[in-house]
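Shown next, in structure tokens, is the structure this report addresses.
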Amino acid sequence: MKLKFLAAVLAIGVSAQASAQSPIVIKFSHVVAPDTPKGQAAERFKQLAEKFTNGRVKVEVYPNSLLYKDNDEMEALLLGAVQMLAPSLAKFGRLGVREFEAFDLPYIFPSKTALYNVTEGDIGKGLLKKLESRGITGLAYWDNGFKIMSANKPIHHPTDVKGLKMRIQLSSVLEVQMRALGAYPQVLAFSEVTQALKTGVVDGTENPPSNMYTQKMHEVQKHVTVTNHGYLGYAVIVHKKFWDGLPADIRSALEKAMKEATTFEKAIAQRDNDAALEAIRKSGKTEVYLPGVKEQAEWRRMLMPVQKEMEGRIGKELISAINKETAK
């Protein structure tokens with residue numbers, strides 16, 4: 001009897017020891033291809049996180065909406081089904097943090113330098129802080145570049161978009177933007193866009209070149225115009241309760257891994273977009289059009305009023321602060 005009891009105690013002890021040595025699993029879900037800037041950065045974070053924690057953390061990366069579509073992943077995070085995401089900044093409006101929708105405003109960022117002045121400064125840090133009341137910890141901003149317009153007809157002028165069904169992600173700002181052009185905004189999950197373009201469910205879309213190329217949208221779109229009218233970025237986020245419950249040394253190692261992965265991501269984002277645009281051009285399937293100075297002015301004149309229109313939703317002071325910061 002005593003031997004059985006001792007064996008049971010030893011078994012429990014071995015089981016507990018094995019459990020204690022099991023790595024902490026972080027499921028990192030995202031909706032884009034592995035070879036996009038975000039996809040590559042997620043893999044870099046995985047490598048660094050596992051290295052810096054000496055294997056005490058295992059990061060499982062699920063790209064291309066393998067686990068959740070972009071309209072479902074935030075709920076999955078809040079329910080604890082995944083621990084880490086890198087959603088587009090537009091997604092936070094659905095959580096009631098409408099200030100993030102400022103990133104969707106047309107022509108709010110004249111350059112990458114201006115953008116980084118915002119994301120790396122007090123404005124960007126303050127926005128991430130607002131997520132904590134929603135049970136989310138913001139770790140970093142990742143960059144995916146400026147967006148181009150595509151359709152199956154030439155769209156050299158903003159008036160050329162009038163009457164087209166244009167796919168957008170769920171965003172009040174993007175809806176107003178497309179209506180300002182006379183288009184009909186259609187909200188679709190990112191994973192559904194290429195098929196929707198192919199079948200004519202939508203006529204066109206907007207995306208950075210890297211997203212367009214890796215999802216093969218250029219194969220079902222005859223025309224692309226390099227408008228650079230809007231920005232697409234991401235916030236890398238974790239479930240706050242999960243993050244706060246990590247041992248301090250593990251959290252510190254993961255913060256270091258995220259910092260290095262973010263530096264890597266920012267370094268490759270523009271390079272990959274430039275390469276993707278050139279690949280789209282060389283494919284011969286899509287005509288790439290570069291607007292002249294007068295045409296660029298037309299796009300700005302048509303879309304700049306969106307900033308004023310969205311002041312009531314996003315906040316006049318925030319929009320003013322961003323414009324002030326980007327003018328430096």
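Throughout, read-outs are computed from the coordinates displayed, never taken from laboratory work. If you're wondering where the values come from, they're calculated on a predicted model, not measured in any experiment. FYI the Cβ positions are ideal-geometry reconstructions off the backbone, even for glycines, and counts take in every protein chain you see.
Between amide H atoms placed 1.01 Å from N, distances below 5 Å from Tyr184 occur with Gly163, Leu164, Lys165, Met166, all of them 5 or more places distant or on a separate chain. Overall size of the stretch 21-326 from C-alpha positions, given as principal axis extents largest first: 61, 43, 31 Å. Compare His218, His229, His157 in a GNM of the chain, Cα atoms joined below 10 Å, and give the one with the largest fluctuation. Maximum among the listed residues: His157. With the simple spin-label model, which puts each label point 7 Å out from Cα in the Cβ direction, the Tyr62 to Lys282 separation comes to 3.5 nm.
Going 7 Å from the Cα of Ser111 along its beta-carbon direction, which residues of the stretch 296-328 have the amide nitrogen within less than 17 Å of the resulting point? Counting backbone N atoms under 17 Å from the label point, the list is 323-328.
Distant-in-sequence amide contacts of Val57, defined by a placed amide H-H separation under 5 Å and a gap of 5 or more residues or a different chain, comprise Ile24.
Placing a pseudo-label 7 Å from each Cα along the Cα-to-Cβ vector at Ala327 and Leu79 gives an inter-label distance of 4.7 nm. Please say if the stretch 256-328 is rounded, prolate or oblate, where rounded means a/c under 1.5 for a ≥ b ≥ c the square roots of the C-alpha gyration tensor eigenvalues, and otherwise the choice is prolate for a/b larger than b/c and oblate otherwise? It is oblate, given that a/c is not under 1.5 and a/b is not larger than b/c. In the chain, the longest principal axis of the Cα atoms and the axis of helix 316-326 are about 90 degrees apart. Taking the chain as a Gaussian network, Cα atoms linked when under 10 Å apart, which of Arg94, Arg179, Arg301 shows the biggest mean-square fluctuation? The residue with the greatest mean-square fluctuation here is Arg301. The simple spin-label model puts a point 7 Å past each Cα toward its Cβ; for Asp122 and Leu95 those points are separated by 2.3 nm. Over the chain, DSSP H runs of length four or greater, each weighted -39,500 (n - 2.57), average out per residue to a 222 nm ellipticity of -14000 deg cm²/dmol. Placing unit charges on each Cβ (+1 for Lys and Arg, -1 for Asp and Glu) gives the chain a dipole about its Cα centre, and among Gly245, Thr119, Val61 the Cα reaching farthest toward its positive end belongs to Gly245. Structure remark: mean-square fluctuation, Gaussian network model of the chain, C-alpha springs under 10 Å; the largest value among Lys316, Lys91, Lys58 belongs to Lys316. Which residues does the label zone of Ser22 cover in the stretch 70-104, counting backbone N under 18 Å from a point 7 Å along Cα→Cβ? Counting only backbone N, you get 80-83.
Among the GluC sites (Glu not before Pro) in the stretch 277-328, none is located in a DSSP loop while being surrounded by at most 15 other Cβ atoms within 10 Å of its own Cβ.
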